[in-house]
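Data block below; observations after.
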Amino acid sequence: MIGGLFIYNHKGEVLISRVYRDDIGYVSMEQSFGWKMRNAVDAFRVNVIHARQQVRSPVTNIARTSFFHVKRSNIWLAAVTKQNVNAAMVFEFLYKMCDVMTAYFGKISEENIKNNFVLIYELLDEILDFGYPQNSETGALKTFITQQGIKGQTKEEQSQITSQVTGQIGWRREGIKYRRNELFLDVLESVNLLMSPQGQVLSAHVSGRVVMKSYLSGMPECKFGMNDKIVIDKQGKGAASDDAGKSGKQSIAIDDCTFHQCVRLSKFDSERSISFIPPDGEYELMRYRTTKDIILPFRVIPLVREVGRTKLEVKVVIKSNFKPSLLAQKIEVRIPTPLNTSGVQVICMKGKAKYKASENAIVWKIKRMAGMKESQISAEIELLPTNDKKKWARPPISMNFEVPFAPSGLKVRYLKVFESKLNYSDHDVIKWVRYIGRSGIYETRC
Amino acid sequence: MTDSKYFTTTKKGEIFELKAELNSDKKEKKKEAVKKVIASMTVGKDVSALFPDVVNCMQTDNLELKKLVYLYLMNYAKSQPDMAIMAVNTFVKDCEDPNPLIRALAVRTMGCIRVDKITEYLCEPLRKCLKDEDPYVRKTAAVCVAKLHDINAQLVEDQGFLDTLKDLISDSNPMVVANAVAALSEIAESHPNSNLLDLNPQTINKLLTALNECTEWGQIFILDCLANYTPRDDRESQSICERVTPRLSHANSAVVLSAVKVLMKFMEMLPKDLDYYGTLLKKLAPPLVTLLSAEPELQYVALRNINLIVQRRPEILKHEMKVFFVKYNDPIYVKLEKLDIMIRLASQANIAQVLAELKEYATEVDVDFVRKAVRAIGRCAIKVEQSAERCVSTLLDLIQTKVNYVVQEAIVVIKDIFRKYPNKYESVIATLCENLDSLDEPEARAAMIWIVGEYAERIDNADELLESFLEGFHDESTQVQLQLLTAIVKLFLKKPTETQELVQQVLSLATQDSDNPDLRDRGYIYWRLLSTDPVAAKEVVLAEKPLISEETDLIEPTLLEELICHIGTLASVYHKPPSAFVEGSRGVQHKRLPGSAGSGESVESPDTGSAAGVSEAPPAVIPSQGDLLEDLLNLDLTPPTTTGPPPPASSGMQMGAMDLLGGGLDSLLGGDLGGGPAMGTGFGAPPAAMPASFNVPVSGGLDDLFDLGGGVGMPMGVFNPPKTVWLPAMKAKGLEISGTFVRRAGVIQMEMTLTNKAMSVMTDFAIQFNRNSFGLAPAGPLQVLTPLSPNQSIEAALPLSTVGPVMKMEPLNNLQVAVKNNIDVFYFSCQYPISMLFAEDGKMERQVFLATWKDIPNDNESQFQIKDCHLNSDAASNKLQGSNIFTIAKRTVEGQDMLYQSMKLTNGIWVLAELRVQAGNPNYTISLKCRAPEVSQCVFQNYEMVLKN
């Protein structure tokens, strides 16, 4: 299991060090424990943080000790072990640890970590015992790790805390009350595309998330339904009269989905129904992936022409491909330019375009664009003559945007809430649903 | 809240200031001071001097302060064990606290204080906490048992904590179950044979129930534990699979991967014609693909695992090629792994797409990635015949870019394509030759030289090209030198008239001016061959080469099976068995996939054909660099080996199989070698510098040279040291004990002769051992049934086990024994030969031996001389085998025999040895390599003893 956990700043100075097992130091010849640890700590600094090269692997083995690391802005989190641990678990834990820290004190920065080091040690003590991850749901942790002491607790409260931390519904505490029962459902999708210069789709997929903010009293039992092809087809067979063509068009094929731990997986596996008791506040209910019948909101048509050795002519057309009544926002097209660019002239019909030398790209921004429209940019790029034999690698043109629909075609059909003990019913809950489609990695080769 | 100030104080005299503050009466000030201490500790300052002052702050109601003090204690208790005892009382008190959070905190922290003296105080509180009414305390106590076991295993067993822990598997709270499983799994790892977890259908059922209810982490512990279970039959296997599959939809990737591990393993037992088998295969693909949308670090772990999964069951992901396409912004480690999987999935159906992608990648920025992409194109050509032509033209396009490393990489792979499809693409040679000057890497130079030599008859200026390389012959790497030598000999055999001078030049460069024995050997062989029988030379040097295999760098099947059992773990990331990177006994246990259901022979359906092919034909897929001795001795005999054949097939080694001189002298010079007479003068006799050994019958020598550790004879009798007096009668009130140790069929026995030299009858014998280095302990009571009358002797044999408590002894093989009889207790110590501990399964596989030998740092190597030993190497090998020292390979170099040997100690430590025996020299040299170098001295003594008796 995990032998120790360290947090470094960008210089490689240790901000947090928590050692769970002796074995990660150098074996017990040397009595001074502090000195031993330094070796593992320094090994990581020298070999990874200070390494000249780009990181070649997130797992490094130095002197028979394995280091797992993730980086958040300037901060390195490293887990150290000498055993054959579950590597996926270690990384999941490191991410979780980042989530927990963010939930407690916001952005992970050197400043925040130093300001909260006592809290971090307290958290580490709780969520990682002898290198084994324990309950790390912030909802539960916040009930008893507060940095304010837990003096005032009654016996009842204490046992409530412990039963929640270890209980079957570790993500929700009992006795939550709201005057107004309300829930917000966001379907957030990122659409990914890789297109050849000729307009052939090389790969495309949507990775979506259903994020829920729930403000519900008691222990509500929820059931979530969407236009999943498998469910619709099943129902279609039952109803028989439903015309197959229509239902087929409205349903979508989900390649795979994963759920928050509150969802009863065995029920999903057998009946494909999504039922759960939600955590309080914001959380991610599910993630899914689709690859079939994706609506690609934009099409990028590039044209690059080399005029002699010192000039490039670039023309890029973008076409929006959705209902004219809808508006896409925050559109940004990034056209890479060669390293030896000396000057750029751009003309665009809509929005603003600028050459950013530091990023080696022309950035073209359009605030809003309706569906079924087209816009164009053309640029002349002057190049310095070089004797570099290697041709310019021509990175792909990438795009960012936000559209008010789900490119996968996913629709929420219902979200039912049942709470048997308290007297409010499904109708009393105010529900909000919103769809946002964003660009993931949306690239067209040129 | 600006705690960051604690990180900045660095002034002198700080410790004294802190001391004063810690002893302050004001609570706030105390707390501040402790915070400062912790901050100093974090940045690596030694604040152990403050130990008593900090511990004084422990008695407090303030939980925050208490936790800080605990944190300090955990870090420094080890350096101040006596002072740490001061803290014990508070812990014991806290374990009784009404607040369950405090009880748990106390038991958790106490387990982290790794001081032997504290452990005994820990037992009582721990026992209570394991039965606490609050599940939070119980789940913490469960982990604490693992902590205690790590400090003092014996104590945990003696106190019966293991049984309590086993009971917790039936606990009503799922998190307690999960932690108990985690603790037991860890403890079981250090006792490979103890069957601690005792997995049976009932416990499995309990685990599966808990699986649905516990936290994501608990699910991982349980799934990892389940993976160690072997179901009784295919029905049980299926029912477990059915209950595990829902986990594939979990948001936590580790849960998904652990579930995949269980399914991959249990699937082996399902009959292939079962519907459920097909359903399961289909269910596995989507979650694996989903893993690729996780964060990059997890993607990397997932990709390394997918790499294993597609080797074992290519059918799962065969339609998912596109998801492995590289994204421009992927981190380099993700890109390289994706590329590997793309090649594995390449087939006729998708090759066009793959090639288009690869060509795109070959223009990217990262050098390693570009190289790998170019190499991948070559591998596609070899794998999918229909695409070969397109691959070659793509490669030619890339050569036109003139980017140095792209050109070199392309030439290396084109060489392999030539090997695979002879006489098909030679038209491109001209293009290749244009780039001769830009090649600066040995591998590319060697590949180019190979091409020139192989196709010398089609290249008009082949002699000029090769001659140009010859100028800087001594500056080239061995790889290039060897290749050049062979190429020129080939050229000569093809165009003897014009190139005689060239070949003489290279032969003399290789044999007279070179220090490299391999180069010299190869030079002499060619020389002798050419001078005695050019026809045979032609047959040998220009022999048809065996086809190269399609799939390269596949993982060896047994290793692959083991790695599949470790999906999700570090082993699967490194693609190495745990024993290669984990020290000590942990992880030494090799895991295997269960056999398939029903009939013993595994009938694979046609679509799993490639997987079956892999497991049935191991020799074809062993990566060529794996040849043990070659790598070990850095011979570097082969041409570049990405897709090359195993070394024995390469030109230099081929000759081993042939009788080099037999009949050669009688054969007529072939008419096609028009330059016959001229050659007679050119190759009259080898130069005088040739070593004498070459003039004695050469075939014998060569046989030896090429007998790479083939047959090693049967073992001779086992050597057991004679009995010696351990306990003289004078010291033991008349009891004399002499004895020895023997190992028979895997059982170690202590054979003793007890003699009564006193006047009275002796009865009630009992024996006990002190803790010792290898955990030797009596496996049963000492059987001396009859009373021992005066002047009587009795033989007693005591079987020993190696699972006793461990303590390092000096010397290592020292054993302290206490013998009791009705008169008194007597102590003596004796030394057992370390070979008693050499296990019967100590023969390492060549591959593993090679990897391990390289892996062990050179600092761990020790060398010894064994003097006056008159055995030859075979006899020595036989003799040693009797003591479970196994010879893995043998090699003879210039009259010196090298034996490569391995042995495995009962505690899982491997010792590797190289024994050098020079004919006629009674002094042997032995080099030992071991992860625990302390044992080397003992092992050496053992060698000496065995060989001399």
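The values are calculated or read from the model by the stated rules, or taken from the named source; none is laboratory data. Because the structure is a prediction, the values reported are computed rather than measured. So basically every Cβ, Gly included, is an ideal-geometry build from the backbone, and we count neighbours across all protein chains shown.
Descriptive notes on the structure:
- Residue identified as under 30 Å from B:LYS45 (Cβ atoms) and more than 12 Å from chain A (Cβ to nearest Cβ) among B:ILE118, B:ILE113: B:ILE118
- B:ALA146 vs. criteria within 10 Å of chain A (Cβ to nearest Cβ), of a type outside the set (Val, Ile, Thr) and either assigned to a helix (DSSP H, G or I) or under 19 Å from B:TYR121 (Cβ atoms) (or both): yes
- Matching residues, the range B:287-309, being hydroxyl-bearing (Ser, Thr, Tyr) and either under 11 Å from B:VAL323 (Cβ atoms) or more than 7 Å from chain A (Cβ to nearest Cβ) (or both): B:THR290, B:SER293
Conditions (1) surrounded by fewer than 19 Cβ atoms within 10 Å (Cβ to Cβ); (2) in contact with a Leu (Cβ under 6 Å, 6 or more places away or on another chain); (3) closer than 20 Å to A:HIS260 by Cα; (4) facing another protein chain (nearest Cβ under 7 Å), marked per residue:
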{"position": "A:VAL80", "(1), (2), (3), (4)": "no, no, no, no"}
{"position": "A:ALA87", "(1), (2), (3), (4)": "no, yes, no, yes"}
{"position": "A:GLU110", "(1), (2), (3), (4)": "no, no, no, no"}
{"position": "A:GLU122", "(1), (2), (3), (4)": "no, no, no, yes"}
{"position": "A:LYS142", "(1), (2), (3), (4)": "yes, no, yes, no"}
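- Every residue from the range A:76-124 that is under 22 Å from A:ASP42 (Cα atoms), assigned to a helix (DSSP H, G or I) and in contact with a Lys or Arg (Cβ under 7 Å, 6 or more places away or on another chain): A:TYR121, A:LEU124
- With respect to the conditions (1) surrounded by fewer than 20 Cβ atoms within 10 Å (Cβ to Cβ); (2) in a helix (DSSP H, G or I); (3) hydroxyl-bearing (Ser, Thr, Tyr), B:SER237 lacks only one, and its number is (1).
- You will find that of B:LEU502, B:LEU465, B:LEU470, B:LEU485, the residue that is of a type in the set (A, V, I, L, M) and modelled with pLDDT of 90 or more is B:LEU485 and no other.
- Annotation: of all residues in the range B:56-78 being more than 16 Å from B:CYS95 (Cβ to Cβ) and hydroxyl-bearing (Ser, Thr, Tyr), the one that is nearest to the other protein chains (Cβ to nearest Cβ) is B:TYR76.
- Residue list for the range B:484-543, filter: among the aliphatic types (A, V, I, L, M), crowded, with 21+ Cβ neighbours inside 10 Å and closer than 16 Å to B:GLU471 by Cα: B:LEU484, B:LEU485, B:ALA487, B:ILE488, B:VAL503, B:VAL506, B:LEU507, B:ALA510
- Counted residues, the range A:54-70 - those being over 25 Å from B:ASN860 (Cβ atoms) and buried (at least 17 other Cβ atoms within 10 Å of the Cβ): 5
- The set of residues in the range A:40-64 being in contact with a helix residue (DSSP H, G or I) (Cβ under 8 Å, 6 or more places away or on another chain) and part of a loop (DSSP other than H, G, I, E, B) consists of A:GLN54, A:VAL55, A:ARG56, A:SER57, A:PRO58, A:ALA63.
- Filtered residues of the range B:454-479 (kept if assigned to a helix (DSSP H, G or I) and of a type in the set (Val, Ile, Thr)): B:THR478
- Remark: B:ALA182 matches the filter, which requires a residue to be in contact (Cβ under 8 Å) with a residue 12 or more places away in the chain and touching a strand residue (DSSP E or B) at 6+ places or on another chain (Cβ under 6 Å).
- Listing of strands (runs of 3 or more DSSP E) fully contained in the range A:249-320 that carry 2 or more residues being among the aliphatic types (A, V, I, L, M) and buried (at least 16 other Cβ atoms within 10 Å of the Cβ): A:281-290, A:298-307, A:311-320
- Pairs with Cβ under 6 Å, 6+ apart, first in the range B:12-39 and farther than 21 Å from B:ASN75 by Cβ, second in a helix (DSSP H, G or I): B:SER24/B:LYS30; B:LYS29/B:GLU21
- Going through (1) in a loop (DSSP other than H, G, I, E, B); (2) among the small types (Gly, Ala, Ser); (3) within 10 Å of chain A (Cβ to nearest Cβ) one by one, B:ALA182 falls short only on (1).
- Among residues of the range B:837-850 that are under 16 Å from B:TYR900 (Cα atoms), those with a Cβ under 6 angstrom from a residue that is crowded, with 20+ Cβ neighbours inside 10 Å and modelled with pLDDT under 80, sequence gap 6+ or separate chain, pair up as B:ARG846/B:LEU628; B:LEU850/B:LEU628.
- Among the strands (runs of 3 or more DSSP E) confined to the range B:741-832, the ones with at least 1 residues that are among the basic types (Lys, Arg) are located at B:814-820.
- Conditions (1) touching a Gly at 6+ places or on another chain (Cβ under 6 Å); (2) more than 8 Å from chain B (Cβ to nearest Cβ); number of the one not met by A:GLY106: (1)
- Filter result (assigned to a helix (DSSP H, G or I) and either under 17 Å from B:ALA356 (Cβ atoms) or touching a Cys at 6+ places or on another chain (Cβ under 7 Å) (or both)) within the range B:317-338: B:MET321, B:LYS322, B:VAL323, B:PHE324, B:LYS335, B:LYS338
- Taking the range A:341-446 as the region of interest, the strands (runs of 3 or more DSSP E) fully inside it that hold 1 or more residues being more than 32 Å from the chain's Cα centre (by Cα) are A:341-348, A:374-383.
- Out of B:LYS261, B:LYS265, sole residue that is in contact (Cβ under 8 Å) with a residue 40 or more places away in the chain and away from chain A (no Cβ under 14 Å): B:LYS265
- Of all the residues in the range A:151-204, those that are touching a residue at least 60 places away in the same chain (Cβ under 8 Å), farther than 24 Å from A:ARG438 by Cβ and away from every other protein chain (no Cβ under 11 Å) number 6.
- All positions within the range B:312-339 that are surrounded by 20 or more Cβ atoms within 10 Å (Cβ to Cβ) and over 18 Å from B:SER293 (Cα atoms): B:ARG312, B:ILE316
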